[in-house]
1. Could you tell me how far the Cα centroid of the stretch 282-313 sits from the Cα centroid of the stretch 208-271, in Å?
2. Length gain on complete extension for the stretch Met1 to Ser180, per 0.36 nm per residue less the alpha carbon to alpha carbon distance?
3. At R0 = 51 Å, how high is the FRET efficiency between Lys353 and Ser212 if r is their beta carbon distance? Nearest 0.05 is fine.
4. Calculate log10 I(q)/I(0) of the stretch 176-245 for q = 0.23 Å⁻¹, where I(q) comes from the Debye formula with a single equal point scatterer on each Cα and nothing for solvent.
5. Within 10 Å of each candidate Cβ there may be at most 15 other Cβ atoms; applying that plus a DSSP loop requirement, which trypsin sites (Lys or Arg not before Pro) in the stretch 1-76 survive?
6. How do the peptides 143-153, 29-39, 302-312, 98-108 rank, highest first, by the average count of neighbouring beta carbon atoms within 10 Å per residue?
7. Mind jotting down a quarter of the surface of the convex hull over the alpha carbons of the stretch 257-354, in square nanometres, one decimal?
8. Using the structure shown, list the pairs from Lys130/Lys348; Lys68/Lys121; Lys103/Lys303; Lys311/Lys353 with a Cα-Cα distance above 26 Å, or answer none.
Amino acid sequence: MKKHNFSAGPCILPQEVFKEASQAILDFNDSGLSILEISHRSPDFVAVMDEAQALALELLGLKGKGYKALFLQGGASMQFLMVAYNLLEEKAAYLNTGTWSTKAIKEAKLFGEIEEVASSKDKNFNYIPKSYSIPDEVDYFHCTSNNTIFGTQMKEFPSTASPLVCDMSSDIFSRELDFSKFDLIYAGAQKNMGPAGTTLVVVKEDILGKVSREIPSMMSYSTHIGKDSMFNTPAVYAVYVSMLTLRWIKANGGIKAMEERNQKKAELIYNEIDRNPLFKGFAANEDRSVMNATFNLVDESHKDTFDQMWKGAGVNGLNGHRSVGGYRASMYNALPIESVQVVVDLMKELEKKI
Ligand code: PMP
């Protein structure tokens, strides 16, 4: 039986994608070859890479606007340093909203001065700082749109004089934004876009080439742009499955439709968290993430009972991250609302039991 998968990432992907992706392992495009045994330079795979890059730009509304989409390796964690390597000459500004921002700041400090414009560390990152100012003269401003671990999400982004860089690993393709406000967006594939192993980077070309340091080829966005993400062997299968998922997003109404579905799922679970006296939400209400709902039991003594209930009902991945405790329901694009209803029903059942 298929589980209700609330895993934070790698996570649920559309069933149709799993089916098509598994078929391509046996026979890709009726070629008599597996996708795993063909050259990344073969026309069949070059077409996959081209389509994946084009779909990413199209879905984000960035086609023909001076952006390039790249599929790189090394995870979003590699981007923590690549961003600084390519863009940081003297000083950059960072908003610290959690574990991932903290890690991005640590890497960037190896390349120049970092001004942390605000941090929500004082409250274990359960909110998004609002009133901060970004110095005009910085090389770029970096933020994390969705905090996968703490369950907070930026609802607004500042207008900046300098390039706006955003780690969108855990909410890319989940909601409509004016993506042209951003100069560089990066996201590990393994939430809304595909399996682990590739990272999408969408970069506005005119922000590159401005630092004086020499950048090693593999670390340079310009290298990867020049070679269409084929400077070295790309993560062929991860890019293929990402391409299938992007096709699925497009065929199902694009980001707009994803956002509507995601809003409904989030409302369903947050309404129950707020209604049910046994539970309390972790994140500040106005900053609650639509992707990752974090919540705790008011009385931890019910933990064993509730854990047994959801595990017995075929629910997977509801445990909170170790730094928050409690529960985290990750509700990425492919998660059906029926799965959220199962958890909500279990929360109600627990209330009746106690
Ligand atoms: N940023 C965010 C917002 C994340 O959620 C994660 C991983 N969950 C990362 C960065 C790190 O990604 P990776 O493991 O691909 O390096």
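Laboratory data are not the source of any read-out in this text; all were calculated from the coordinates shown. Quantities reported herein were computed from a predicted structural model and do not represent experimental measurements. Cβ atoms come from the backbone with ideal geometry, glycine included; neighbour counts cover every protein chain shown.
1. Centre-to-centre distance over Cα atoms comes out at 30 Å.
2. Values: separation 179, 0.36 × 179 = 64.44 nm, distance 4.22 nm.
So the extension gain works out to 60.2 nm.
3. Details: r = 65 Å, r/R0 = 1.28.
Here the calculated transfer efficiency is 0.20.
4. With one equal scatterer per Cα and no solvent, log10 I(q)/I(0) is -1.15.
5. Numbers: sites: Lys2, Lys3, Lys19, Arg41, Lys63, Lys65, Lys68; in loops: Lys2, Lys3, Arg41, Lys63, Lys65.
Those that pass, being in a loop and sparsely packed, are Lys2, Lys3, Arg41, Lys63, Lys65.
6. Details: 143-153: 26.2, 29-39: 12.8, 302-312: 14.4, 98-108: 19.7.
Going from most to least packed, we get 143-153, 98-108, 302-312, 29-39.
7. Values: hull surface 24.0 nm².
Taking the Cα atoms of the stretch 257-354, their convex hull projects to 6.0 nm² on average.
8. Numbers: Lys130/Lys348 35 Å; Lys68/Lys121 34 Å; Lys103/Lys303 31 Å; Lys311/Lys353 17 Å.
Flagged as over cut-off: Lys130/Lys348; Lys68/Lys121; Lys103/Lys303.
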